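> Pasting a structure below so you can have a look.
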Amino acid sequence: MPTPFVRAAALGGIAALALLATGCATSVNTVSRAEAQATPNYVNDQRVITDSTLGRKLAIVSVNDGKVSGDLLRVQVTLENRSSKPQAFTYKFDWISQDGMELSGPTGGWKQVQLQGREVRAVSAIATNPSAVDFRLKLREN
């Protein structure tokens with residue numbers, strides 16, 4: 001009959017293995033073409049980090065834009081979870097006119113998304129007003 005110490009050590013080992021297996025289960029493996037066929041229109045971006053914790057967990061990989069229906073701006077931002085743990089956050093796009101003024105109107109509000117460990121995912125939006133020539137993406141941690 002095992003002693004209480006041996007039983008505790010065995011249970012601790014089992015718990016550690018379960019935790020390790022769970023930790024590995026949250027990362028995401030991906031595959032894509034070695035030579036990409038897409039030619040995105042990358043945007044030079046300016047970043048303002050006010051939440052350094054979120055800045056360490058979430059990276060902006062790229063920003064690209066295009067037009068939809070001939071005159072509506074579409075923006076796509078590719079994000080990467082730098083952590084090995086799932087990360088939930090919310091985001092919102094604001095649209096800016098030629099004269100630098102924020103356009104009012106329905107923007108869809110804040111949207112929630114969760115990235116698994118090390119996952120890379122794009123978020124995108126389409127301006128609701130053809131006057132939009134620019135955008136601002138806001139991110140916040142849940």
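> Output the residues belonging to the range 111-127 that are in a loop (DSSP other than H, G, I, E, B) and of a type in the set (A, V, I, L, M, F, W, C).
Hit for the range 111-127 is 127, nothing else.
> Here are the criteria: (1) assigned to a strand (DSSP E or B); (2) surrounded by 15 or more Cβ atoms within 10 Å (Cβ to Cβ); (3) of a type outside the set (D, E, K, R). Tell me which single one residue 61 does not satisfy.
Single failed check for residue 61: (2).
> Okay, moving on. Residues of the range 56-104 being modelled with pLDDT under 95 and among the small types (Gly, Ala, Ser), which ones?
Hits for the range 56-104 are 69, 70, 83, 84, 104.
> Could you figure out which of (1) farther than 16 Å from residue 137 by Cβ; (2) free of Cβ contacts under 8 Å to residues at least 24 places away in the same chain; (3) among the small types (Gly, Ala, Ser) isn't true of residue 117?
(2)
> Still on this model: Return the total of residues in the range 27-46 being assigned to a loop (DSSP other than H, G, I, E, B), at pLDDT below 90 and either surrounded by 10 or more Cβ atoms within 10 Å (Cβ to Cβ) or among the charged types (D, E, K, R) (or both).
Residues in the range 27-46 being assigned to a loop (DSSP other than H, G, I, E, B), at pLDDT below 90 and either surrounded by 10 or more Cβ atoms within 10 Å (Cβ to Cβ) or among the charged types (D, E, K, R) (or both): 1 in total.
> Considering each of 90, 50, 78 in turn, give the residue that is loosely packed, with under 11 Cβ neighbours inside 10 Å and not acidic (Asp, Glu).
So the residue among 90, 50, 78 that is loosely packed, with under 11 Cβ neighbours inside 10 Å and not acidic (Asp, Glu) is 50.
Every residue, every condition in (1) under 30 Å from residue 130 (Cα atoms); (2) among the basic types (Lys, Arg), yes or no:
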residue: 40; (1), (2): yes, no
residue: 51; (1), (2): no, no
residue: 57; (1), (2): no, yes
residue: 81; (1), (2): no, no
residue: 87; (1), (2): no, no
residue: 105; (1), (2): yes, no
residue: 116; (1), (2): no, no
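> Something else now. Collect the residues in the range 97-127 that are buried (at least 16 other Cβ atoms within 10 Å of the Cβ) and closer than 18 Å to residue 70 by Cα, keeping them in residue-number order.
Scanning the range 97-127 gives 125, 126, 127.
For (1) over 12 Å from the mean Cα position of the chain (by Cα); (2) at negative phi; (3) assigned to a strand (DSSP E or B), each residue gets a yes or a no:
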{"position": "55", "(1), (2), (3)": "no, yes, no"}
{"position": "67", "(1), (2), (3)": "yes, yes, yes"}
{"position": "76", "(1), (2), (3)": "no, yes, yes"}
{"position": "84", "(1), (2), (3)": "yes, yes, no"}
{"position": "88", "(1), (2), (3)": "no, yes, yes"}
{"position": "99", "(1), (2), (3)": "yes, yes, no"}
{"position": "105", "(1), (2), (3)": "yes, no, no"}
{"position": "109", "(1), (2), (3)": "yes, no, no"}
{"position": "129", "(1), (2), (3)": "yes, yes, no"}
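> Here's a follow-up. Give the residues of the range 90-112 that are in contact with a Leu (Cβ under 6 Å, 6 or more places away or on another chain) and within 30 Å of residue 29 (Cβ to Cβ), sorted by residue number.
Listed by number, the residues that qualify are 91, 93.
The values are calculated or read from the model by the stated rules, or taken from the named source; none is laboratory data. Owing to the predicted nature of the structure, the values given are computational and were not obtained by experimental measurement. Here Cβ is always computed from backbone atoms with ideal geometry, including for glycine, and neighbour counts include all displayed protein chains.
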